[in-house]
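Here, each number is a calculation from the coordinates, and none is a lab measurement. Keep in mind that this is a model prediction, so the values were computed, not measured. Reconstructed Cβ throughout: ideal geometry from the backbone, glycine too, with neighbour counts over all protein chains shown.
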Amino acid sequence: MSQSFVNPDQIRAWFSRAMSDMYKQEVPLYDTLLDLVAQVNAKTMAEQPELAAQLSRTGEIERLDIERHGAIRVGTPEELSNMRRVFAVMGMQPVGYYDLSPAGVPVHSTAFRATHEAALQASPFRVFTSLLRLELIDDAGLREKAARILAARQIFTDRVLALTACFETQGGLNEADAREFVAEALHTFRWHSESTVSLDDYRELHGQHRLIADVVAFKGPHINHLTPRTLDIDEAQAEMPRRGVSAKAVIEGPPPRKCPILLRQTSFKALEEPVRFAGADGVSSVGSHTARFGEIEQRGVALTRKGRALYDQLLDLARSRISGAPNEGNAAAYMQNLQDCFAAFPDDYAQLHEQGLAYFRYFLTGKQGEPGTADLHALIAQGYIQFEPLVYEDFLPVSAAGIFQSNLGDKAQAEYAQNASQVAFEQALGAPVKDELALYEDTQARSLAACQQALGAQAGSPVAA
Ligand code: OOG
Ligand code: NI
């Protein structure tokens, strides 16, 4: 009775909402950030009617208020592959591969998200999911101990795994099951103020890398931040200290621009939270752990392979002009470098389109009549078709590393050799990750095909790209 199944987009929207409600309870500063972002967004739209009009043409205006991404870190291949199965119930697929090891973080990651523009419009909820790489830790004794501790935990409730299996065999969940699934899945992402290890073990894990302690010493992969989307991150960054939130020194990603590209992010530092550690004979000891933080982001147009190569090149250049990673000491100089270097990146949608640097969606303008041409560029020039930026739905490895670092403490930088291993990651995941560029290309192509069809009906001739 497939007609009684709830659409996975709906399950994802419920889950995103439930996560947000839970995180508000867990981290009250998150609520402060939501408030701040809502105000900045309202002000930005009032001041920039052209931006508001663009967002309403693309439909993004409707998803803006609910748009969130979260992040988790899991410890074993089995946890990662079960996570994939659970996210699939909510219509979320693994997209992209991120290697964080060059930045001294012993994880590699993917982003679980919806992939079709209609599904993204229904709920753009995404989760940046990292897998701990114990193999990068050179202390064999500690490596084994960590593996042993991880092997003994189950991060999912029996019920959520049963409902997931049910989804897989039936092809869907009915409403009661879907609602129960959301409530059960939520448990995996909760914060536990009780550690599963002793204070001594925690210190040993922490001594190797703070992130290892964060993954290994707890019952589950607590959601470590939930990020709303702002339309003006510079304004939001300036507003944070005014509300008693201490922002990270540097906004990650590209500099401010008229036509935003990719993703800009800033965060507030992780909170130090009390934790009860396990002890012999049931005598526990109290300590603390810092894991959970806040983040906001501004999203811009997705870049093609060519655009991304230019972005990476200019970012490298800006970073090479300061020594080491951007930090509090060199923030102003770094931001200036970034502005200077990115002068080479066209800041105009028509140029970005013309040069094939970014992805767009095509829309009919509503102009009537018979277009005497089938050429896309001519149709744009003649006012039959217009294009709008296709928003970037993914993450940036250098930015992610900066966010990790700022929360692990700038001092805690380890050195790992460049160690990308998408093959090992996909083996652990139990599936290949999707190529994000192919997804943007598909969306762009679908929008063009829709225009072609409509114009063809209008003129009786197909439109060539
Ligand atoms: C993930 C950090 C990366 C982002 O938005 O790039 C991230 C983590 O700390 O687990 O969230
Ligand atoms: Ni994030």
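Put a dot 7 Å past each Cα toward the Cβ at Glu426 and Ser56; how far apart are the dots in nm?
4.4
On a C-alpha basis, how far is the centre of the stretch 289-356 from the centre of the stretch 57-74 in Å? Whole number, if you could?
Going from one Cα centre to the other spans 21 Å.
Using +1 on the beta carbon of Lys and Arg, -1 on that of Asp and Glu, and nothing else charged, what's the dipole of the stretch 308-375 about the Cα centre, debye to 20?
160
Let's see if you can work this out: charge +1 on each Lys and Arg Cβ, -1 on each Asp and Glu Cβ, no other charges. What is the dipole magnitude of the chain about its Cα centre, in debye to the nearest 20? If you can, show how the numbers build up before the last one.
Details: 44 positive and 59 negative charges, 26 e Å.
Computed about the Cα centre, the dipole is about 120 debye.
Could you sort the peptides 30-40, 170-180 by per-residue average Cβ neighbour count (10 Å cutoff), highest mean leading?
Numbers: 30-40: 18.7, 170-180: 15.3.
Top of the packing list down: 30-40, 170-180.
How long, wide and thick is the chain, going by the Cα atoms along their three principal axes, in whole angstroms, largest first?
Cα spread of the chain along its principal axes, largest to smallest: 84, 62, 41 Å.
What do you get for Rg/Rh of the stretch 303-350 when both radii come from the Cα atoms and Rh is the Kirkwood radius? Spell out each step's value before the answer.
On the way: Rg = 11.8 Å, Rh = 11.5 Å.
Checking Rg against Rh, the ratio lands at 1.03.
State, to one decimal in nm, how far the label point of Arg143 lies from the label point of Thr365, with both points 7 Å from Cα in the Cβ direction.
Distance between label points: 6.3 nm.
Taking θ as phi - 60°, what are the ³J(HN,Hα) couplings along the stretch 32-43 by the Karplus curve (6.51, -1.76, 1.60), each to the nearest whole Hz, with x for Gly and Pro?
With the stated coefficients, the stretch 32-43 comes to 4, 5, 4, 4, 4, 5, 4, 5, 4, 5, 5, 5 Hz.
Note down, for the stretch 329-388, the three equivalent ellipsoid semi-axes (square root of 5 times each alpha carbon gyration tensor eigenvalue), biggest first, whole angstrom.
On the way: eigenvalues 282, 21, 11 Å².
Taking √(5λ) for each eigenvalue gives 38, 10, 7 Å, largest first.
Fewest Cβ neighbours within 10 Å first, please rank Tyr98, Tyr349 accordingly.
The fewest-first ordering by Cβ neighbours comes to Tyr349, Tyr98.
Please sort 245-255, 51-61 by packing, taking for each peptide the average over its residues of neighbouring beta carbons within 10 angstrom, highest first.
Ranked by mean Cβ neighbours within 10 Å, highest first: 245-255, 51-61.
If you take the charge dipole of the chain about its Cα centre, with +1 on Lys and Arg Cβ and -1 on Asp and Glu Cβ, which of Ser101, Ile137, Phe360 is farthest toward its positive end?
Of Ser101, Ile137, Phe360, it is Ile137.
Please determine, in degrees from 0 to 90 and to the nearest 10, the orientation of helix 199-208 with respect to the longest principal axis defined by the Cα atoms of the chain, where the helix direction is its Cα long axis.
Tilt of helix 199-208: around 50 degrees.
Sequence-distant or interchain residues sharing an amide H contact under 5 Å with Lys434, placed H: which?
Val95, Gly96
Give, in nm to one decimal, the length gained when the segment between Ala331 and Ser284 is fully stretched (0.36 nm per residue of separation minus the Cα-Cα distance). Please list the in-between numbers first.
Values: separation 47, 0.36 × 47 = 16.92 nm, distance 4.24 nm.
Taking Ala331 through Ser284 to full extension adds about 12.7 nm, to one decimal.
Only helical DSSP H runs with n ≥ 4 go in: add -39500 (n - 2.57) per run for the chain, normalise by residue count and round the 222 nm mean residue ellipticity to 500 deg cm²/dmol. Please list the in-between numbers first.
Working: 19 runs with 221 residues, N = 465.
For the chain, the value works out to -14500 deg cm²/dmol.
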